[in-house]
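Asker: Have a look at this one.
The values are calculated or read from the model by the stated rules, or taken from the named source; none is laboratory data. Computed from a predicted structure; not experimentally measured. Neighbour counts run over all protein chains shown; Cβ positions are idealised from the backbone, glycine included. For the accessible areas, the whole protein counts, side chains as well, though only heavy atoms, and no ligand, DNA or RNA atoms are used. Shrake-Rupley method; radii C 1.70, N 1.55, O 1.52, S 1.80 Å.
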There are 2 protein chains.
Amino acid sequence: MSINYTNASKIELENEYAQCKEKYDALKAQGLKLNMARGKPGPEQLDLIGDMLTCLTPEDFKGLSVDARNYGELTGLSEAKALFAEILGCKAEEILVGGNSSLNLMYDTVAKAFTHGLNNFPCPWHKLDKVKWLCPAPGYDRHFKVTESFGFELITVPMTPTGPDMDTVEELIKDEAVKGMWCVPKYSNPDGITYSAETVRRIAAMKPAAPDFLLMWDNAYCIHEFAGDFVPFEDILTLCREAGNPNMVYEYASTSKMTFPGAGVSVMATSEDNLTAYKKLLTVEIISYDKVNQLRHVKYLKNKENTLALMKKHAGVLAPKFACVLENLEKEIAPTGIASWQKPTGGYFVSVNTLPGLAKRTLTLTKEAGVTMTGAGATFPYGIDPNDSNIRIAPSYPTVSELEKAMQVFCVSMKIAALEQKLGK
Amino acid sequence: MSINYTNASKIELENEYAQCKEKYDALKAQGLKLNMARGKPGPEQLDLIGDMLTCLTPEDFKGLSVDARNYGELTGLSEAKALFAEILGCKAEEILVGGNSSLNLMYDTVAKAFTHGLNNFPCPWHKLDKVKWLCPAPGYDRHFKVTESFGFELITVPMTPTGPDMDTVEELIKDEAVKGMWCVPKYSNPDGITYSAETVRRIAAMKPAAPDFLLMWDNAYCIHEFAGDFVPFEDILTLCREAGNPNMVYEYASTSKMTFPGAGVSVMATSEDNLTAYKKLLTVEIISYDKVNQLRHVKYLKNKENTLALMKKHAGVLAPKFACVLENLEKEIAPTGIASWQKPTGGYFVSVNTLPGLAKRTLTLTKEAGVTMTGAGATFPYGIDPNDSNIRIAPSYPTVSELEKAMQVFCVSMKIAALEQKLGK
């Protein structure tokens, strides 16, 4: 049983340090090679859906309104649009079904805003001196990288337990150079926070100074509960329309964590007006997306109800992994008082906040003992966490017994980092 | 039997006009709805490969060096790289295996040159006042559109029977603002011309003033013979390397006309240096491409020999269609002297050059009689054919009996256009 580091005496801390060091060295000596870096489904999840590979036969192409085996249907197969509209709660006319990657669709949207300009843009952003972008943080490193790579100035917005700090957001969007914001509204990456109804409504009702403000709504974990039943979530397109912002939002999702990661189907949802304009830009870029895979997904997932049943199977694999992470944190770290964490019920991550100045050192120790985790700072713009505090744990890939080991390494590493700091080592 | 329009008397021409008009009206009355607009494989070709849909099973993923069902391998599955390296004649290390669309990869390359800059670029092109681009024409409309959409100035380079006019090219590239050139080196779109060895060597040895000159080498029809055996073609990467231009060329191909159009696999080949730099940009855009579909293609296509055998089956479907087009042109148009055309042995098009000023009118008449063809001018930059002469015929989609009808409509439409011009109607 650990001691509380704040109240402990120097001797108690020295003693704890010696014990932790011994445990750490023993774990390190095992030559572990474990990975908790990425939100990557584990092999058991992929085994669940093996029959998807052969579910589509030539017979399935008969009687469709288009030959899904051939070129055409730039915005996707109507059957796939219907499936995603049901899952997201928007209209099928608002859907573009894309290729294997929603990140790719998001990049493409930002890129087109930069190179050509989207619907109703005064001009493409490459003609502007300065583009600023709101990044609720901790957030998804790949989102931040997209906007960083185009040279935008990233502005950190604090996350609260109900989503981005909207007072801050509403102040920042008075600047016309602020052109957009990243959001992961349900089971946010990495906090696992679901934005409150109030936050979502304030977002939908924003009045940015920029007429070309892009609300990038990455609904990556829209049906990704691993504890409990599906939690309904309001359709952002409807809310934006009702708030007089019909063209402000572009929503994204994918099947990467329903079927095969990186071999699934992505989707973008936006107003019909936006989609009409987007289609004109898209026709220069691609003839059509992979409709054979779209049809395979329609055949396999069928509808929302059936897809939710599949997500329950994924949850059956994921829940014990998240439980393992949380139990270890509760047992090893809670008594020490050196960190706090979220207890998500969906998504792919557990977000830990250490006392200031411990994240980098913790992850260095973890890595030296053979456990790879998301780099410190990755969850903040430019990879710089001002408090050196946030750590993202991705428990989905290892087995539970591997996780058990990895969490032992992680917890003892964090303790050592804290003790080094306290004891000036 | 038609008469030669140049030598004929006014009475003969009036007589011919009346006959053509009668034939045209009779065809139009049939209410045809035929399409020769796009290089789209026909349903018979897609039926050939139906068993590809179910060829990949969970067993096939065992024993691979990576789990192809999961994220990872940004530049593609090594097995797929090996297959394409064999087909293209380059090294596997020079290959990026992408998603379902080579047009998308090409767009992406040009877009990255514009937004971020590629390997060894002095700066991204969006910072330049002017970018000029060489377009051998007639050429592929979608190529031209990509570079047009980024605001580049398109410069037409005449096509000759051995490829782009290299004297012109070598003169134009002395201008540092000229940043690249589109090429379809084998069975060019639309002419069906294969660049001569001499032309290819001159291209590889170019010394452009621009250090960031991009040779965009779209080897779309690399193994797409429909008459006779596979014709070997030199590897452009090797030639460029030997000529001291290792980083000038980016080559593209896809399986869209081997397996399912728009549901296949695309490939980019470029120097290892270029690829290393490209990968850094790509990691911001996508996590990985669809490796399940890559593996499906590896399992189905196996190797070059087996792929060439499949291409023979496609040729069996395509050859009678091209024969139908050429026979109709020979019989109906050759005697009149109003047009000339290429007689390709591979690719997807027949390119017809009418006497000046006839293309638009021909295609208006064709369309009014229910036959859709690629728009006049599409094969030139900005969609403007200075001679209003080039027409692209895409015979792959209709059946032979539909083609027979469509070609009757086309030939009589061209005759009417010529007679209207001659007779001042």
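Asker: Please provide three numbers in whole Å: the alpha-carbon extents of the range B:291-421 along the principal axes, with the largest listed first.
Answerer: Sorted largest first, the three principal extents are 56, 33, 24 Å.
Asker: Right, another one. For the range B:317-357, with every protein chain kept in place, what is the accessible area per residue (1.4 Å probe, Å²)?
Answerer: The answer is 34 Å² per residue.
Asker: Packing-wise, with mean Cβ within 10 Å as the measure, how do B:139-146, B:112-119, B:390-397, B:323-330 rank, highest first?
Answerer: Put in order of decreasing packing, that is B:390-397, B:139-146, B:112-119, B:323-330.
Asker: From the label point of B:K280, set 7 Å from Cα along Cα→Cβ, how far away are the matching label points in the other copies, in nm, ordered shortest to longest?
Answerer: Ordered by increasing distance: 3.7 nm.
Asker: Count the DSSP beta bridges whose two residues both fall in the range A:90-240, then state the antiparallel fraction as a percent rounded to the nearest 5.
Answerer: 15
Asker: Continuing with the same structure: Assuming 0.890 mPa s and 25 °C, estimate D for the range A:211-312 with Stokes-Einstein, Rh taken as the Kirkwood radius over Cα pairs, in µm²/s.
Answerer: 159
Asker: Once both axes come from the Cα atoms, what is the angle between helix A:304-328 and the longest principal axis of chain A, in degrees from 0 to 90, rounded to 10?
Answerer: Compared with the principal axis, the helix lies near 20 degrees.
Asker: Defining the label point at 7 Å along Cα→Cβ, can you sort the distances from A:K23 to the same site in each other copy, shortest first, in nm?
Answerer: 9.2
Asker: Another question, if that's okay. Considering only DSSP beta bridges with both partners in the protein assembly as shown, what is the antiparallel share in %, to the nearest 5?
Answerer: Of the beta bridges lying entirely in the protein assembly as shown, close to 45 percent run antiparallel.
Asker: Amide H of B:T160 versus every other amide H placed in the peptide plane: which residues, excluding those fewer than 5 positions away on the same chain, fall under 5 Å?
Answerer: Those lying under 5 Å, H to H, from B:T160 are B:D165.
Asker: OK, next. Quick one: helix B:291-301 against the long Cα principal axis of chain B, what's the angle to the nearest 10°, folded into 0 to 90?
Answerer: Once rounded, the angle reads 60 degrees.
Asker: Given R₀ = 60 Å, what would the calculated FRET efficiency be for A:A29 paired with A:R201, taking r from the Cβ atoms and rounding to 0.05?
Answerer: Here the calculated transfer efficiency is 0.65.
Asker: How large is the dipole of the range B:266-387 about the Cα centre if only Lys and Arg carry +1 and Asp and Glu carry -1, each at its Cβ, rounded to the nearest 20 debye?
Answerer: Roughly 440 debye for the range B:266-387.
Asker: Could you check the simple spin-label distance between A:K343 and B:V66, using points 7 Å along Cα→Cβ, in nm with one decimal?
Answerer: 3.9
Asker: Another one. Report for chain B the percent antiparallel among DSSP-assigned beta bridges with both residues inside it, nearest 5.
Answerer: In chain B, DSSP labels about 45 percent of beta bridges as antiparallel.
Asker: Quick one: if you take sqrt(5λ) for each eigenvalue of the C-alpha gyration tensor of the range B:131-176, what semi-axes come out, biggest first, whole angstrom?
Answerer: Those come to 18, 15, 5 Å.
Asker: Quick one: Karplus J couplings for the range A:72-87, per residue in order, coefficients 6.51, -1.76, 1.60, θ = phi - 60°, nearest Hz, x for Gly and Pro?
Answerer: x, 6, 3, 8, x, 6, 4, 5, 6, 4, 4, 4, 6, 4, 5, 5
Asker: Next up: Find, to one decimal place in angstroms, the Kirkwood hydrodynamic radius of the range A:111-222, where the mean of 1/r is taken over every pair of different Cα atoms and then inverted.
Answerer: Mean inverse Cα-Cα distance, inverted, gives 14.2 Å.
Asker: Computed FRET efficiency, Cβ-Cβ of A:N387 and B:A209, R0 51 Å: what is it to the nearest 0.05?
Answerer: So the FRET efficiency works out to roughly 0.50.
Asker: Please work out how much length the chain gains when fully extended from A:A18 to A:T168, using 0.36 nm per residue of separation minus the C-alpha to C-alpha distance, in nm with one decimal.
Answerer: 49.6 nm
Asker: While we're looking at this one, here's another question. Given H placed 1.01 Å from N in the peptide plane, which residues other than close sequence neighbours of B:D385 have an amide H under 5 Å from its amide H?
Answerer: Hits under the 5 Å cutoff: B:G377.
Asker: A follow-up question, please. Tally Lys/Arg at +1 and Asp/Glu at -1 over every other residue whose Cβ is under 10 Å from the Cβ of B:I155; what's the total?
Answerer: Combined, the nearby Lys, Arg, Asp and Glu give -1.
Asker: Additional query: Cut-off under 19 Å on the C-alpha distance; same-chain residues fewer than 8 positions from A:K302 excluded. Which lysines are left, in chain and number order?
Answerer: A:K302 reaches A:K62, A:K81, A:K91, A:K257, A:K291, A:K312, A:K313.
Asker: I would also like to ask the following. How much area per residue is accessible in the range A:97-148 when the probe is 1.4 Å and only protein heavy atoms are counted (Å²)?
Answerer: Value returned for the range A:97-148: 28 Å² of accessible area per residue.
Asker: Most mobile of A:K257, A:K360, A:K174 per a Gaussian network model of chain A (Cα springs, under 10 Å)?
Answerer: Judging by the Gaussian network model, the answer is A:K174.
Asker: Further question: Every other copy gets compared here: list the nm distances from the A:E420 label point (7 Å along Cα to Cβ) to its counterparts, shortest first, one decimal.
Answerer: Ordered by increasing distance: 8.3 nm.
Asker: In Å, what Kirkwood hydrodynamic radius results for chain A from the alpha-carbon pair distances?
Answerer: 22.8
Asker: Counting protein heavy atoms only and a 1.4 angstrom probe, how many square angstrom of accessible surface do chains A and B bury in total, to the nearest 100?
Answerer: Chains A and B together bury roughly 4500 Å² of accessible area.
Asker: In a shell of Cβ-Cβ distance under 12 Å around B:P138, excluding B:P138 itself, what net charge do Lys and Arg (+1) and Asp and Glu (-1) give?
Answerer: -2
Asker: A follow-up question, please. Which value, to two decimals, describes the C-alpha radius of gyration of the protein assembly as shown once divided by 2.2 N^0.38 Å?
Answerer: 1.05
Asker: In peptide A:97-104, how many Cβ atoms from other protein chains are near each Cβ within 10 Å, on average?
Answerer: Mean inter-chain Cβ contacts per residue within 10 Å come to 5.
Asker: What are the residues whose amide H is under 5 Å from the amide H of A:G346, where those residues sit 5 or more places off or on another chain and H is modelled from the backbone?
Answerer: The answer is A:F226.
Asker: Need the per-residue list for the range A:221-267: every residue with at least 20 Å² less accessible surface in the complex of protein chains than in the chain by itself, probe 1.4 Å, sorted by number.
Answerer: Residues losing area: A:F260, A:P261, A:G262, A:A263.
Asker: Follow-up. Tell me, in nm to one decimal, what length is gained between B:E404 and B:K331 on full extension, where the rule is 0.36 nm per residue of separation less the Cα-Cα distance?
Answerer: Gain on stretching B:E404 to B:K331: 25.1 nm.
Asker: Do any residues of the range B:139-163 show a loss of at least 40 square angstrom of accessible area between the isolated chain and the full protein assembly, using a 1.4 Å probe, and if so which?
Answerer: B:R142, B:S149
Asker: Quick one: if you take sqrt(5λ) for each eigenvalue of the C-alpha gyration tensor of the range A:49-160, what semi-axes come out, biggest first, whole angstrom?
Answerer: 35, 18, 13
Asker: How large a share of the accessible area of the range A:115-260, in percent, is made up of carbon and sulfur atoms when the probe is 1.4 Å and the other protein chains stay in place?
Answerer: Roughly 50 percent of what the probe reaches on the range A:115-260 is carbon or sulfur.
Asker: Using a cut-off of 12 Å between beta-carbons, work out the net charge of the residues near B:L105 (Lys and Arg +1, Asp and Glu -1, B:L105 not included).
Answerer: Here the charged neighbours net out to -4.
Asker: Now for a separate question. Once every DSSP H run of n ≥ 4 in the protein assembly as shown is given -39500 (n - 2.57) and the sum is divided by its residues, what mean residue ellipticity at 222 nm do you get, rounded to the nearest 500 deg cm²/dmol?
Answerer: Taken over the protein assembly as shown, the calculation gives -12000 deg cm²/dmol.
Asker: Please report how far the C-alpha centroid of the range B:325-395 lies from that of the range A:314-379, rounded to the nearest whole angstrom.
Answerer: Spelled out, the Cα-based centre of one part sits 66 Å from the other.
Asker: Under a plain spin-label model, where a point goes 7 Å from the Cα along Cα-to-Cβ, how far apart in nm are A:C123 and A:E368?
Answerer: 5.3
Asker: Can you list the residues in the range A:113-127 whose accessible area drops by at least 10 Å² when all protein chains are present, compared with the chain alone? Use a 1.4 Å probe, heavy atoms only.
Answerer: Buried by the other chains: A:F114, A:T115, A:H116, A:H126.
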